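Have a look at the structure below before the remarks.
The values are calculated or read from the model by the stated rules, or taken from the named source; none is laboratory data. Every value quoted in this text rests on a predicted model; they were computed, and no experiment measured them. No Cβ is skipped: glycine too gets one built from the backbone with ideal geometry, and neighbour counts run over all protein chains shown. The accessibility values were calculated without ligands, DNA or RNA, using every heavy atom of the protein model including side chains. Shrake-Rupley method; radii C 1.70, N 1.55, O 1.52, S 1.80 Å.
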Amino acid sequence: LPPQTWTNSINQTNKMALLAWAKETCTDLVQINGQRRYGAPPPGWVGDPPPAGTEVFIGKLPQDMYENVLIPLFQSVGRLYEFRLMMTFSGLNRGFAYAKYSSRRGAKEAIAAFNNFEVREGCAIVVCKSTEKCELSVDGLATSVSQRELEALLRQVTAGLHSVTLCASPCQKRAQLAVLKYSSHQAAAMAKKTLMEGNLSLSSVEMRVAWLNPDLKQKLQLCKEKPSSSRVQGGKSLGGPKQAPLSPALCNALDRLNALCQKQYLGTPLFLTRCVQANPNGWLRFWCRVVIPGCPMPFSGFTWVRQDGQGRSGHEEAKAAVALQVLRMLGES
């Protein structure tokens, strides 16, 4: 069969039901770059787009289910600003979608009502807070490329660029890595597609464009905060981060993260910590991973902590430090 005939024959009944619903309700659905979108803004919307924290991620969807079922369902708990269903070439959905509400309350109501909800017998979906990723990593840039040159070129081929940071590539020799921050997730997604299509000619080796993952973000942050080599001054070793009292934010970070996960119905966070380095002056470097059942990806990285002198191993301090980092990534700190 020709490709178009083959794709049209897949899930034909549900596709026809979608078309009938869209016509009956006068709902406009626009498909661009592998996703089908409603709203942004919806009919009758006045004012600015909703703030951060109003979007939810919807996972484990049956692939033959469409907006005629999903939009009325998610509109039942709050006004939708936008609904995006990820699509395959065949016309089936990719198993996940994003719903953005007019307020944070709507997003919270959706998580409370529909996380683990059976949209079909035996098909429970996952609904959790969307991370709304806005940062990309571009690895493999030539070492001769300057930040000003890169930023000027990016502004020509992408929209919504907020900032550019250049550093040595941690994965490729004689190459640079750029962290690109965009004004919105949609702007970042469009930029990612544009750059992956080869619209950037500043690569010295193989150039890789990807979402900035938490592991790499932590690694780059660690490079910035890496303690200087030990030196003696006044009889005291200064190798390691500066001594600082444990802040109130750090002290209650674990409680705040647990409360947030409980409130958002994400499950109880699981912490994995391993000490990978010990300095003579009492500073410990820990590898940490936080697994939150309702989040699609774990949070991983490294952190430095100071032993408290009371015989504790430092694991609790590491958990508190990484909990604060996770709160910041989730936009709660």
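Annotations
- If you go through region 101-151 and keep only what is touching a residue at least 12 places away in the same chain (Cβ under 8 Å), in a helix (DSSP H, G or I) and open to solvent by 30 Å² or more (accessible area, probe 1.4 Å), you end up with 104, 105, 108, 109, 112, 113, 147, 149, 151.
- Checked against the criteria, residue 177 counts as open to solvent by less than 40 Å² (accessible area, probe 1.4 Å) and part of a strand (DSSP E or B).
- Residues of region 152-164 that are in contact with a strand residue (DSSP E or B) (Cβ under 8 Å, 6 or more places away or on another chain) and either surrounded by fewer than 16 Cβ atoms within 10 Å (Cβ to Cβ) or within 30 Å of residue 58 (Cα to Cα) (or both): 155, 158, 160, 161, 162, 163.
- Exactly one residue out of 54, 27 is of a type in the set (Ser, Thr, Tyr) and more than 25 Å from the chain's Cα centre (by Cα): that is 27.
- Within region 31-51, the residues that satisfy the criterion of being open to solvent by 70 Å² or more (accessible area, probe 1.4 Å) and either in contact (Cβ under 8 Å) with a residue 60 or more places away in the chain or touching a strand residue (DSSP E or B) at 6+ places or on another chain (Cβ under 7 Å) (or both) are 31, 33, 41, 49.
- Residue 38 vs. criteria under 26 Å from residue 116 (Cβ atoms) and at pLDDT 95 or above: yes
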